[in-house]
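All remarks here apply to the structure that follows.
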Amino acid sequence: MKNKIWTIVKILIVTIVAIWIIFFVVDYFRARDGKKPMICLKEENIPTNNNTTYYRCTSFGYKYYEYTEQGKTTYGFGAFFLKNDIEKELGD
């Protein structure tokens, strides 16, 4: 019985990790095309002082961001705990 429970737990963990990898890969390629992620746990529009816009969407362990300055939009994707250059500049 104990062996059967461990097998179920292992299968459940592998399934959760596989689903997370699928979300990560799909959202990565969406970010490369300038599209927002499929799932946003936390969305923020952060005002800046020089007529630029900064949008951040945090998902399961990663974040997507858009930074628009003088009509040029920059898209990014990375780990949620790392600060990008724009966030460092904003002091966020």
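We did not get these values from a lab; they are worked out from the coordinates using the rules stated. Just so it is clear, the model here is predicted, and its values are computed rather than measured. Positions of Cβ are backbone-derived with ideal geometry, glycine not excepted, and every protein chain shown enters the neighbour counts.
Descriptive notes on the structure:
- For the chain, taking Cα atoms only, Rg and Dmax work out to 17.6, 64 Å respectively.
- Computed [θ] at 222 nm, helices only, for the chain once each DSSP H run of length n ≥ 4 contributes -39500 (n - 2.57): -13500 deg cm²/dmol
- Result for the chain in a Gaussian network model with C-alpha springs under 10 Å: among I39, I19, I11, the largest mean-square fluctuation is at I11.
- Cα gyration tensor, region 12-54 - rounded (a/c under 1.5), prolate or oblate: prolate
- Rounded Å value of the spacing that divides the Cα centres of region 62-92 and region 4-33: 25
- Pairs from the table (K10/K36; K10/K35; K4/K42; K63/K88; K10/K63; K10/K42) lying more than 26 angstrom apart at Cα are K10/K36; K10/K35; K4/K42; K10/K63; K10/K42.
- Charge sum, other residues only, whose C-beta stays under 11 Å from K42's C-beta, Lys/Arg counted +1 and Asp/Glu -1: 0
- Positive dipole terminus of the chain, leading residue within W20, N50, Y64 (C-beta point charges): W20
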